[in-house]
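Have a look at the structure below, then the notes.
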Amino acid sequence: MPARDLAYSLAGTTMSGRFICGDSPLPRPALLLVHGAHGLDRFMLDTAVRLADLGFAVLAVDLWGGRALPEGPQQIEARIGACLADRAAWMARLEAARQALAAQPEADATRIGMLGYCFGGSSALEFIRTGGAVRCVASFHAGLDLVANDWSAASAGRVLLCTGSDDPMAQSKDLQRLTAAMSAAAVPWEADIYGGARHAFTEPDAPGRPPFARYDAYADQRSWAAMADFFTHCLV
């Protein structure tokens, strides 16, 4: 499958994403894939291939720059904290990635969606909330507590939330707050809530994983099917 590293930059920071496309006719509907706090790791790169297999041109975003893979709570908290302290710069990195994807000849710049995991899901929701030029956004186990309330500038796109009922970063109060804000701004949304699923339910378990995170095969499979159907309706 055609794949290449794709470098782009912003404010002196060079980011190195991974561009992958399938075998469907050109130009293809396109997706920005936004990693979680651990960076553009093997799980994300493999996910990009799966998305390309569905017929999309995919840019796996390097949000941190330099393909950084933060380790441990301190490094992760520092990266996330910097984004929350300067939301404009956070969104600017996603816009730089969007422009890089739109410039690829295999990608249809008029049909771009965004998919994010964990902090990447929060990032995707913030991007569409603040007017990012994408048609639709899907989030997997996003930190809904990090998404702000004002959706008045939101893009005219659709939102899919896939979340676990036992995710402390996506408590019912935040889900209700977020969906109410989207409804008030006339943003079309849908939410799939998986009973008993914890945070990061799509990601394989590994030693040292916090107790609030756990892989859930059912939620993983059902959310993937919902996402594929969602993007097919929105982009294809």
| query | Do you know which residues across the range 163-179 are surrounded by fewer than 17 Cβ atoms within 10 Å (Cβ to Cβ) and not charged (D, E, K, R)? | reply | Ser165, Pro168, Gln171, Ser172, Gln176
| field | Flag if Arg18 is loosely packed, with under 15 Cβ neighbours inside 10 Å and at pLDDT 95 or above | value | no
| request: Considering only the range 66-96, state which residues are at pLDDT below 95 and either in a loop (DSSP other than H, G, I, E, B) or of a type in the set (Phe, Trp, Tyr) (or both). | output: Glu71
| request: Answer with yes or no whether Ser139 is farther than 20 Å from Ala7 by Cβ, surrounded by 23 or more Cβ atoms within 10 Å (Cβ to Cβ) and in contact with a Cys (Cβ under 7 Å, 6 or more places away or on another chain). | output: yes
| Do you know which residues across the range 189-236 are of a type in the set (Ser, Thr, Tyr) and over 19 Å from Leu125 (Cβ atoms)? | Tyr215, Tyr218, Thr232
| query | What residue, among those in the range 190-216 that are outside any loop (DSSP other than H, G, I, E, B) and more than 17 Å from Asp145 (Cβ to Cβ), is most open to solvent (accessible area, probe 1.4 Å)? | reply | Glu190
| message | Would you confirm, using the coordinates I've provided, whether Ala92 is of a type in the set (A, V, I, L, M) and either closer than 26 Å to Ala186 by Cβ or open to solvent by 10 Å² or more (accessible area, probe 1.4 Å) (or both)? | response | yes
| said: Residues to consider are Leu63, Leu32, Leu51, Leu6; find the one that is part of a strand (DSSP E or B) and open to solvent by less than 10 Å² (accessible area, probe 1.4 Å). | reply: Leu32
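The values are calculated or read from the model by the stated rules, or taken from the named source; none is laboratory data. Computed from a predicted model, the values in this text were never measured in an experiment. Virtual Cβ from ideal backbone geometry, glycine too; neighbours counted across all protein chains shown. In case anyone asks, the SASA skips ligands and DNA or RNA and just uses the protein heavy atoms, side chains included. Shrake-Rupley method; radii C 1.70, N 1.55, O 1.52, S 1.80 Å.
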